[in-house]
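Scroll down for the structure; my scribbles are underneath it.
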Amino acid sequence: MSRSGMVVGATGQLGAAVVARLVAAGYDVTALSRGTRPAPWPDSAGVRVVHADRDDDASLRGAMRGGFDLVVDCVGASPDHARQWRDLAGDVRSVAVVSTAAVYADAAGRTLETAAIGRAPEFDGPRRETDRTVEPGPGSYAAQRRAFELAMIEIDDLDVTVLRPGALYGVGGVFLREWYLVRRVLDRRSRVILAHRGANRWHGTATENLAALAVHCASLPGRRVLNAADAQAPTVLDICRLVGERLGHHFEVVPLDGGPTAGVGNSPWSSSRSGLVLDLRAAAELGFTPPVDYRTALADAAASLYERARAGAPELRPLLDGDPFGHHDYAAEDAWLAGRPTDREPAR
């Protein structure tokens, strides 16, 4: 008898990857989405599509009619969403929900979020699931996600896996960190200034790897929190070289000691000198190995982003029409470079 699986938030980049993984694993798949975005999977996949609002209890309960062996919730974010799964525990055997590695705090309580106010974290090594996190609460994004985690783990009579991905990326994504580099290729910018000399390491999570871990845990009874990331954590310099090679673009890397200064070197990876690396031993002890190599997955995501941007994809208009994150202040970069000695030391 085949197993049944539901994906909440199925038409997003992560949801689509989970749907594909469940189909490949032989599940009868139901895709739940409240929007009208076209299904990113072929009709031959045999996926049943249900339109419902997961924030509405009655709508979600109606979609759950008949029960499921596994539900993967890609959009849950609050204790109220956890309460929904507690109320539906009799209809579901196992639930996997997606949190974030942004919940981790360093020894001084600094997080990736506090970097915006000048309190950048300094992690003293890979983060384990039992390491310090933000205090749960209704305040910041990370605090809300931590409250969601705790509420999920406290649900009785339900197998729960809370997944903490690093920098999530995948084909079809919109606000990917790699846009920092892809836009420079589009704009024919040869020089890229990397804060912390590009030596900080950032653990990415390919959507395929996150989806694989969610499905892997479906048959493992228990309640757990797991880091979910690629097998390797590259440096920012590694990422720069990889994207450049895939897109046939040579980046002249200008290493910047320390963090960004006056808008120069401001990138999605500049919020911590040490970067953020996740310890994956807990998932490995459950018999899981990330199936997709980051070099392939990251290069594919960057290439997809590049081609969609060249085609003027509507979902990329905020990125194409402006600089919403302040990562591409070319005037400031050019002024800084003009005053820098010409015998720049190559990044190592």
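The values are calculated or read from the model by the stated rules, or taken from the named source; none is laboratory data. In this text the structure is predicted, and so the values were computed from the model without any measurement. Ideal geometry is used to build each Cβ from the backbone, glycine not excepted, and the neighbour counts take in all protein chains shown. The accessibility values were calculated without ligands, DNA or RNA, using every heavy atom of the protein model including side chains. Shrake-Rupley method; radii C 1.70, N 1.55, O 1.52, S 1.80 Å.
At-a-glance table
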| quantity | calculated |
| --- | --- |
| Residue, nearest to PHE68 (Cα to Cα), within the range 210-224, restricted to residues that are buried (at least 21 other Cβ atoms within 10 Å of the Cβ) and in contact with a strand residue (DSSP E or B) (Cβ under 7 Å, 6 or more places away or on another chain) | ALA218 |
| Subset of the range 152-187 (residues that are of a type in the set (Ser, Thr, Tyr) and in contact with a helix residue (DSSP H, G or I) (Cβ under 6 Å, 6 or more places away or on another chain)) | THR161, TYR169 |
| Qualifying position, being within 16 Å of the chain's Cα centre (by Cα) and assigned to a helix (DSSP H, G or I), among ALA301, ALA309, ALA332 | ALA301 |
| Subset of the range 109-134 [over 20 Å from ALA147 (Cα atoms) and assigned to a loop (DSSP other than H, G, I, E, B)] | GLY118, ARG119, ALA120, PRO121, GLU122, PHE123, ASP124, GLY125, PRO126 |
| Some residue of the range 254-267 being surrounded by fewer than 17 Cβ atoms within 10 Å (Cβ to Cβ) and among the hydrophobic types (A, V, I, L, M, F, W, C) | yes |
| Within the range 26-50, considering residues that are in contact with a Gly (Cβ under 8 Å, 6 or more places away or on another chain) and at pLDDT 90 or above, the one surrounded by the fewest Cβ atoms within 10 Å (Cβ to Cβ) | ASP28 |
| Candidate set: the range 175-229, residues that are of a type in the set (Phe, Trp, Tyr) and touching a His at 6+ places or on another chain (Cβ under 9 Å); chosen: the one nearest to LEU320 (Cα to Cα) | TRP179 |
| Matching residues, the range 279-318, being in contact with a Lys or Arg (Cβ under 7 Å, 6 or more places away or on another chain) and either open to solvent by 30 Å² or more (accessible area, probe 1.4 Å) or of a type outside the set (Asp, Glu) (or both) | ALA299, ALA302, ALA303, LEU316 |
